[in-house]
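Visitor: Before I ask anything, let me first share the structure, which is written out below as structure tokens.
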Amino acid sequence: MVAKFRGPGMFRAFLFAAYGVALAYLIIFIFRTWYSLDPVLEGNAVLELALFTSPLGFLVGLGAFSYWFYWATGKKTLAEDHSSHGAHSWRDYFRVNTDHKVIGIQYVVTSFFFFFVGGLFAMLMRAELAQPGRQFVDPNTFNGLFSVHASLLIFLFIIPVFAGLANYVLPLMIGAPDMAFPRLNALSFWMLPLAGIMMLLSFAAPGGSFASGWTAYAPLSVTAPEGQVFFTIGVQFAGASSIATALNFLVTIITMRAPGMSFFRMPLLVWANFSTSLLVVIATPFIAVSQFMVLFDRSLGFNFFEAASRGDVLMYQHIFWFYSHPAVYIMMLPGFGIVSEILAVKSRKPIFGYRMMAFSLLAIVVLGFTVWAHHMFVSGMQDWIRIPMMITTAIIAVPTGIKIFSWLATLWRGVLHLDTPMLFALGFLTMFTLGGISGVMLAVIPVTIHVSDTYFIVAHIHYVLFGGSLFTIFAGVYYWFPKMTGRMYDERLGKLHFWMTFIFFNLTFAPMHVIGIQGMPRRVADYADQWASWNLAISIASFILGLSALVFAYNMIASWRGGPRAESNPWRSLTLEWQVTSPPPIFNFDAVPTVVGGPYEYGVPGAVHGVLKGAEVPTPAGATARGSSAGTHATVTDEE
Amino acid sequence: MSEDARRQERIPVLQMVVVGLIASALGIAAGLSIDWFPERASTQAGPIDHLYDVLIWSSVPVFVLVAIIVLFSVWKFRMRPGEERLDGPPIHGNTRLEVIWTAIPAIVLVALCSYAWVVLTDIEAAQPDEMRINVTGQQFAWTFEYPQADGKPVKSNQLYLAENQPVRFFVKALDVIHDFWVPAFRMKVDAVPGIETKYRVTPNRLGTYPVVCAELCGLGHSVMRSSAHVVTPAAFKAWLAERKAPAGGGGSGGDGKPDGKALFTDGNGTATACGSCHTLADAGTTSTTGPDLDKELAGKDASFIRDSIVKPDDEITPGFQSGIMPKNYGDTLSPDELDALVTYVGKVAGK
């Protein structure tokens with residue numbers, strides 16, 4: 001038993017988390033005694049420090065830092081013999097594991113856990129909003145529900161689930177055995193559940209959970225009850241995780257591409273994650289700063305945002321949106337990558353305008369940093385800045401438009417395989433267009449003056465993040481499910497899931513455009529009677545939308561446990577991850593593959609993307625496009 | 001279908017164009033016929049609504065284009081039995097097309113932005129004879145202040161405006177950020193602690209319209225509502241003159257004494273009604289934003305009730321937070337009205 005607490009693992013993790021709390025008590029005791037403050041042990045002070053020390057203690061106990069501690073103290077480091085790679089039982093997913101495929105699954109499963117929790121909160125909100133007046137939750141709880149809903153789905157679902165999918169497939173796609181920094185990768189993952197649990201724990205705080213929205217505008221967040229710090233500090237862990245992963249992706253993509261994998265032979269998913277990672281490393285420190293400033297205002301008496309003490313209230317919004325606008329692209333670009341993969345494979349055609357697809361991603365990265373103040377058109381900032389921000393906001397639709405049109409051209413004259421991933425990709429294409437259109441409307445200042453902070457915004461953001469990001473996430477999960485689990489999902493349930501989601505997504509969110517323009521503000525627990533029937537209809541649709549997620553959950557769990565075995569390459573894809581077994585061997589490739597052509601040469605006779613040496617799988621049956629020579633996707637040359 | 005048959009099959013481009021045009025026309029007609037906006041009660045509303053119509057005109061065809069291509073592709077290019085191993089033609093791109101779909105959206109967007117700029121300049125333009133109104137937001141009430149020549153401003157929790165009299169709002173916040181919005185006027189701006197924000201409207205339609213707070217400001221955000229009354233210039237003058245008289249006018253009973261129950265349920269035109277946040281059986285109010293007065297005030301003496309109204313944060317009912325109830329009732333209720341309210345509540349609470 002004692003041994004369990006001495007070695008790295010969950011037991012020691014919880015023990016060290018408790019040590020972390022004790023350390024917080026000790027530090028606060030020492031400092032407050034030093035400054036003769038009364039009371040010596042102030043609850044909020046201990047809590048805020050413990051929210052840092054306890055998760056760090058957990059990570060130390062879990063063993064996330066072990067290697068570096070050995071190295072830093074001059075001890076003999078544990079040689080990495082990769083014996084821990086692969087997961088042999090469910091317990092292996094609860095350990096620090098440096099295998100990118102294990103980490104990828106840890107990421108995806110964890111983030112879907114928070115997806116369901118966040119979705120459940122949305123159901124509770126819709127139950128309250130089904131009728132005007134107060135029925136189920138009091139206004140404070142309601143404000144907490146939408147704040148935690150947004151925070152979980154942004155920081156614990158969309159951002160990390162993309163990181164998780166890419167964690168699994170990106171090294172495979174570029175022909176690498178793992179990520180560049182496997183230990184950092186494991187640490188990035190383990191910070192995530194801590195951030196999510198912290199946000200959920202806020203409901204236990206005195207005064208309720210954080211309730212100032214995921215935007216946490218100062219000074220509301222500075223004066224809010226103590227539950228606010230669970231967001232303030234939780235975001236630090238989610239953000240650190242995000243930055244570390246992005247660095248890892250950048251180094252992996254730059255340094256670990258297989259021979260012959262030039263930048264313009266990379267699959268667009270790799271390009272998308274390259275662009276996203278650039279956004280993350282540049283932008284995410286800004287939200288970290290904004291929340292630290294709130295924390296310092298709250299607990300250390302700084303006056304960054306305290307107007308009465310010459311603080312600047314608008315500064316918070318500028319710093320916050322300098323991250324949080326690019327964050328919208330952080331939540332969108334990886335989806336662009338997923339859709340590019342799926343549309344090419346499922347249309348059996350090369351991506352139309354590959355180079356412009358890559359360049360438009362980079363254009364979005366650059367332009368994404370020039371539009372943040374469009375969230376502040378009615379904030380009272382200086383008037384003149386609105387016009388340039390309106391123009392950049394409209395212009396960023398141009399590279400996005402290039403992508404939409406190129407995807408449409410990719411469909412054109414293809415051979416469309418209309419299975420679940422493809423349906424979600426096509427659903428994305430149409431729904432994201434609507435989100436983009438309402439986005440352009442929101443660039444137009446006179447319209448925004450009227451609709452900002454209304455349900456029109458709620459509709460817009462859900463067309464972008466649900467109809468956009470989530471549809472690509474579903475597409476990607478179905479598409480790579482055979483590769484990640486070695487099983488096939490149930491196609492009929494997948495299609496049922498798509499149609500339920502597609503129809504009730506629209507019935508839920510489309511009416512919000514109307515009630516928003518009619519004047520219903522967002523983030524309200526109660527509303528004027530004139531919107532009662534609209535809201536009832538929205539709530540009913542949203543409950544069925546919620547049920548559709550259960551179809552997905554059942555399909556995933558049942559298929560993972562007992563679905564038919566998946567072939568190596570059920571989609572006849574050219575990219576490298578499909579040229580190895582499903583699931584891939586522990587070290588991905590027996591020998592480093594050589595890349596000799598583009599990733600999407602469907603229909604090109606004899607086209608080859610990568611050459612694998614000594615692969616365990618035979619050459620996938622190639623397409624017999626354009627008649628003549630049998631096109632092979634990957635040529636296996638077994639010289640031994 | 002064999003690959004050759006596929007190649008020879010005619011792609012119904014003309015059909016797509018026709019269907020697309022019809023769908024766009026229907027979509028635009030539907031978009032324009034939806035009653036999107038609330039009443040138009042200011043000169044600013046017209047140009048904004050018109051701009052929105054232009055956005056409908058320009059965005060419906062974009063969506064129709066995308067949807068038509070997706071739907072026709074699904075219909076015409078879907079994999080048919082026997083085509084499992086077939087690939088599409090290896091088309092890698094088309095520079096001319098790519099230039100077109102980069103340039104045209106850019107031009108359209110810049111044109112839209114230019115038009116929006118014109119509208120913005122128009123709706124924000126200074127008007128002759130603007131009347132100044134100071135707007136103060138605090139958790140969770142609005143105070144409208146009409147500066148007067150004698151230096152004693154008229155204060156009100158309800159907004160009164162004269163028809164066709166341009167006004168300029170100077171907006172402040174006392175605690176956190178609020179947002180002063182009258183949907184019927186289309187204009188809004190945040191009330192920000194530490195700075196003064198402003199905007200102009202010219203109300204041009206008689207009526208009463210909702211005033212709402214559009215920026216999340218805490219617990220009572222959703223009930224931080226008031227009313228904007230656009231009245232004739234003569235009626236406005238009369239209202240102003242009445243407000244300048246020392247005792248508040250609204251809520252008066254027939255005998256000239258304030259009616260406590262009416263004050264409770266309707267306010268006095270200056271102070272927000274108690275009933276919008278509190279439950280009181282006798283008054284028929286059921287809101288639960290604040291404590292239930294039937295429970296909390298039953299059997300309490302008059303001085304406790306008076307303190308609870310004037311200094312709400314001195315004693316907080318368990319389960320509720322301080323700082324929620326406005327602290328300005330001592331200013332917005334006249335002494336007579338306060339007396340009437342205390343007497344009324346003391347008499348009926350818990351009965």
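The values are calculated or read from the model by the stated rules, or taken from the named source; none is laboratory data. On a predicted model such as this, the values are computed, not experimentally measured, just so you know. So basically every Cβ, Gly included, is an ideal-geometry build from the backbone, and we count neighbours across all protein chains shown.
Visitor: Just give me the residues in the stretch A:329-379 being assigned to a loop (DSSP other than H, G, I, E, B) and either surrounded by fewer than 24 Cβ atoms within 10 Å (Cβ to Cβ) or among the hydrophobic types (A, V, I, L, M, F, W, C) (or both), in sequence order. First the steps, then the outcome.
Guide: As a first pass, look at the stretch A:329-379 and keep what is assigned to a loop (DSSP other than H, G, I, E, B): A:331-332, A:348-353, A:369-371, A:377-379.
A:Met331, A:Met332, A:Ile351, A:Phe352, A:Phe369, A:Thr370, A:Val371, A:Phe377, A:Val378, A:Ser379, listed by residue number.
Visitor: Please specify each residue of the stretch A:410-421 satisfying the condition of being surrounded by fewer than 22 Cβ atoms within 10 Å (Cβ to Cβ), over 28 Å from the mean Cα position of the chain (by Cα) and either modelled with pLDDT of 95 or more or closer than 23 Å to A:Trp499 by Cβ (or both). Let's see the steps before the verdict.
Guide: Going residue by residue through the stretch A:410-421, those that are surrounded by fewer than 22 Cβ atoms within 10 Å (Cβ to Cβ) are A:412-413, A:417-419.
Narrowing the set further to residues that are over 28 Å from the mean Cα position of the chain (by Cα) leaves A:412-413.
Listed by number, the list is empty, since nothing qualifies.
Visitor: Still on this structure, please answer the following. Just one of the numbered conditions (1) of a type in the set (Ser, Thr, Tyr); (2) within 15 Å of A:Pro193 (Cα to Cα); (3) in a loop (DSSP other than H, G, I, E, B) is not true of A:Thr98; which one?
Guide: For A:Thr98, the failing item is (2).
Visitor: Residues in the stretch A:249-272: is at least one among the aromatic types (Phe, Trp, Tyr), under 28 Å from A:Arg32 (Cβ atoms) and surrounded by 19 or more Cβ atoms within 10 Å (Cβ to Cβ)?
Guide: Looking for residues that are among the aromatic types (Phe, Trp, Tyr), under 28 Å from A:Arg32 (Cβ atoms) and surrounded by 19 or more Cβ atoms within 10 Å (Cβ to Cβ), one finds none in the stretch A:249-272, hence no.
Visitor: Given the options A:Phe286, A:Phe304, name the one that is over 15 Å from A:Pro599 (Cβ atoms), within 14 Å of chain B (Cβ to nearest Cβ) and surrounded by 17 or more Cβ atoms within 10 Å (Cβ to Cβ). Break it down into steps so the answer makes sense when it comes.
Guide: On the way: A:Phe286 fails: within 14 Å of chain B (Cβ to nearest Cβ).
Of the residues listed, the single one that is over 15 Å from A:Pro599 (Cβ atoms), within 14 Å of chain B (Cβ to nearest Cβ) and surrounded by 17 or more Cβ atoms within 10 Å (Cβ to Cβ) is A:Phe304.
Visitor: In the stretch A:593-631, what residues are of a type in the set (A, V, I, L, M, F, W, C), buried (at least 19 other Cβ atoms within 10 Å of the Cβ), assigned to a loop (DSSP other than H, G, I, E, B) and modelled with pLDDT of 50 or more?
Guide: From the stretch A:593-631, those of a type in the set (A, V, I, L, M, F, W, C) are A:595-596, A:604, A:607-608, A:611-612, A:615, A:617, A:621, A:623, A:625, A:630; that's our starting set.
Now narrow it down to the ones that are buried (at least 19 other Cβ atoms within 10 Å of the Cβ): A:595, A:604, A:607-608, A:611-612, A:615, A:623, A:625.
Filter once more, keeping what is assigned to a loop (DSSP other than H, G, I, E, B): A:604, A:607-608, A:615, A:623, A:625.
A:Val604, A:Ala607, A:Val608 - these are the residues of the stretch A:593-631 that are of a type in the set (A, V, I, L, M, F, W, C), buried (at least 19 other Cβ atoms within 10 Å of the Cβ), assigned to a loop (DSSP other than H, G, I, E, B) and modelled with pLDDT of 50 or more.
Visitor: Of A:Arg265, A:Arg310, A:Arg257, which residue is charged (D, E, K, R), within 14 Å of chain B (Cβ to nearest Cβ) and in contact (Cβ under 8 Å) with a residue 40 or more places away in the chain?
Guide: Values: A:Arg310 fails: in contact (Cβ under 8 Å) with a residue 40 or more places away in the chain; A:Arg257 fails: within 14 Å of chain B (Cβ to nearest Cβ).
After ruling out the rest, the residue left standing is A:Arg265.
Visitor: May I ask you to verify whether A:Ala122 is among the small types (Gly, Ala, Ser), within 14 Å of another protein chain (Cβ to nearest Cβ) and in contact with a Phe, Trp or Tyr (Cβ under 9 Å, 6 or more places away or on another chain)? Outline the logic, then answer.
Guide: Values: among the small types (Gly, Ala, Ser): yes; within 14 Å of another protein chain (Cβ to nearest Cβ): no; in contact with a Phe, Trp or Tyr (Cβ under 9 Å, 6 or more places away or on another chain): yes.
So A:Ala122 fails the test.
Visitor: Are there any pairs, at least 6 apart or on different chains, whose C-beta atoms fall under 8 Å, with the first in the stretch B:1-20 and more than 21 Å from A:Ala409 (Cβ to Cβ) and surrounded by 13 or more Cβ atoms within 10 Å (Cβ to Cβ) and the second small (Gly, Ala, Ser) and at pLDDT 70 or above, and if so, which?
Guide: Cβ pairs passing all conditions: B:Met1/B:Gly82.
Visitor: Still on this structure, I have one more. Among A:Ala558, A:Ala541, A:Ala537, which is at negative phi and in contact (Cβ under 8 Å) with a residue 40 or more places away in the chain?
Guide: A:Ala558
Visitor: Now a separate question. Hey, A:Ser36 hits all of (1) hydroxyl-bearing (Ser, Thr, Tyr); (2) assigned to a loop (DSSP other than H, G, I, E, B); (3) at pLDDT 95 or above but one; which does it fall short on?
Guide: (3)
One line per residue, one yes/no per condition, for (1) within 12 Å of chain A (Cβ to nearest Cβ); (2) out of contact with any Asp or Glu (no Cβ under 8 Å at 6 or more places or on another chain); (3) at pLDDT 85 or above:
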{"residue": "B:Pro210", "(1), (2), (3)": "yes, yes, yes"}
{"residue": "B:Glu215", "(1), (2), (3)": "yes, no, yes"}
{"residue": "B:Gly218", "(1), (2), (3)": "yes, yes, yes"}
{"residue": "B:Val230", "(1), (2), (3)": "no, no, yes"}
{"residue": "B:Ala241", "(1), (2), (3)": "no, yes, yes"}
{"residue": "B:Gly251", "(1), (2), (3)": "no, no, no"}
{"residue": "B:Gly256", "(1), (2), (3)": "no, yes, no"}
{"residue": "B:Asp259", "(1), (2), (3)": "no, yes, no"}
{"residue": "B:Asn268", "(1), (2), (3)": "no, no, no"}
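Visitor: Going through the stretch B:282-307 one residue at a time, which ones are closer than 24 Å to A:Ala525 by Cβ and surrounded by 14 or more Cβ atoms within 10 Å (Cβ to Cβ)?
Guide: Restricting attention to the stretch B:282-307, the residues satisfying the condition of being closer than 24 Å to A:Ala525 by Cβ are B:283-296.
The answer is B:Ala283, B:Thr285, B:Ser287, B:Thr288, B:Thr289, B:Gly290, B:Pro291, B:Asp292, B:Leu293, B:Asp294, B:Glu296.
Visitor: When you scan the stretch A:395-422, how many residues do you find that are in a loop (DSSP other than H, G, I, E, B) and either within 7 Å of another protein chain (Cβ to nearest Cβ) or touching a strand residue (DSSP E or B) at 6+ places or on another chain (Cβ under 9 Å) (or both)?
Guide: Residues flagged as in a loop (DSSP other than H, G, I, E, B) and either within 7 Å of another protein chain (Cβ to nearest Cβ) or touching a strand residue (DSSP E or B) at 6+ places or on another chain (Cβ under 9 Å) (or both) within the stretch A:395-422 amount to 6.
Visitor: Now for a different question. Do you know which residues across the stretch B:43-76 are more than 7 Å from chain A (Cβ to nearest Cβ), without any contact (Cβ under 8 Å) to a residue 60 or more places away in the chain and within 30 Å of A:Ala425 (Cα to Cα)?
Guide: Within the stretch B:43-76, B:Ile56, B:Trp57, B:Ser58, B:Val60, B:Pro61, B:Val64, B:Leu65, B:Ile68, B:Leu71, B:Trp75 meet the criteria.
Visitor: Something else about it: Quick check on A:Pro482: is it at pLDDT 95 or above and facing another protein chain (nearest Cβ under 9 Å)? I'd like the intermediate steps shown before the answer.
Guide: Numbers: at pLDDT 95 or above: yes; facing another protein chain (nearest Cβ under 9 Å): no.
No, not satisfied.
Visitor: Right, next: Across the stretch B:101-152, what is the number of residues that are of a type in the set (Phe, Trp, Tyr) and farther than 30 Å from A:Phe405 by Cβ?
Guide: Initially, the stretch B:101-152 is screened for residues of a type in the set (Phe, Trp, Tyr), giving B:101, B:115, B:117, B:140, B:142, B:144, B:146.
Still in the list and also farther than 30 Å from A:Phe405 by Cβ: B:140, B:142, B:144, B:146.
Summing the residues that are of a type in the set (Phe, Trp, Tyr) and farther than 30 Å from A:Phe405 by Cβ in the stretch B:101-152 gives 4.
Visitor: Also: Is it the case that A:Tyr527 is among the hydroxyl-bearing types (Ser, Thr, Tyr) and at pLDDT 95 or above? Before the answer, list the steps.
Guide: Working: among the hydroxyl-bearing types (Ser, Thr, Tyr): yes; at pLDDT 95 or above: no.
Spelling it out, it is not the case that A:Tyr527 is among the hydroxyl-bearing types (Ser, Thr, Tyr) and at pLDDT 95 or above.
Visitor: Do any helices (runs of 4 or more DSSP H) entirely within the stretch A:119-211 hold 3 or more residues that are more than 24 Å from A:Ala244 (Cα to Cα), in contact with a helix residue (DSSP H, G or I) (Cβ under 8 Å, 6 or more places away or on another chain) and touching a residue at least 12 places away in the same chain (Cβ under 8 Å), and if so, which? Even if it seems obvious, please write down each step before you answer.
Guide: Values: elements: A:139-151, A:159-173, A:182-201.
Counting at least 3 such residues, we get A:139-151.
Visitor: Go through A:Ala272, A:Ala288, A:Ala258 for me and flag whichever is within 22 Å of A:Ile197 (Cα to Cα) and not assigned by TED's automatic domain parsing to the domain that holds A:Ala363.
Guide: Just one listed residue meets the conditions, A:Ala288.
Visitor: Moving on. Mind listing whichever residues of the stretch B:198-216 are in a loop (DSSP other than H, G, I, E, B) and within 14 Å of the chain's Cα centre (by Cα)?
Guide: Here is the first cut: in the stretch B:198-216, the residues in a loop (DSSP other than H, G, I, E, B) are B:202, B:204-206, B:214-216.
Correct list: B:Ala214, B:Glu215, B:Leu216.
Visitor: Give me the pairs: first residue in the stretch B:150-162 and under 19 Å from B:Asp129 (Cβ atoms) and free of Cβ contacts under 8 Å to residues at least 24 places away in the same chain, second residue of a type in the set (Phe, Trp, Tyr) and surrounded by fewer than 16 Cβ atoms within 10 Å (Cβ to Cβ), beta-carbon distance under 8 Å, and six or more apart or on different chains, which are they?
Guide: none
Visitor: Against the definition (crowded, with 24+ Cβ neighbours inside 10 Å and not in a helix (DSSP H, G or I)), how does A:Phe320 come out, yes or no?
Guide: On the way: crowded, with 24+ Cβ neighbours inside 10 Å: yes; not in a helix (DSSP H, G or I): no.
When the stated conditions are applied, A:Phe320 does not pass them.
Visitor: Here is a further query. Would you please list the contacts, defined by Cβ atoms under 8 Å and residues six or more apart or on different chains, that run from a residue in the stretch B:174-200 that is closer than 15 Å to A:Phe377 by Cα to a residue that is in a strand (DSSP E or B) and polar (S, T, N, Q)?
Guide: From the stretch B:174-200, the pairs are B:His178/B:Gln138; B:Arg186/B:Ser42; B:Met187/B:Ser42; B:Val189/B:Thr197; B:Asp190/B:Thr197; B:Ala191/B:Thr136; B:Ala191/B:Thr197.
Visitor: Further question on the same structure: I'm told B:Arg6 meets every condition in (1) touching a helix residue (DSSP H, G or I) at 6+ places or on another chain (Cβ under 9 Å); (2) facing chain A (nearest Cβ under 7 Å) except one. Can you identify the failing condition by its number?
Guide: (2)
Visitor: Does B:Gly82 fit the bill of being over 30 Å from A:Ala344 (Cα atoms), more than 7 Å from chain A (Cβ to nearest Cβ) and modelled with pLDDT under 95? Break it down stepwise before answering.
Guide: Numbers: over 30 Å from A:Ala344 (Cα atoms): no; more than 7 Å from chain A (Cβ to nearest Cβ): yes; modelled with pLDDT under 95: yes.
Criteria not met by B:Gly82.
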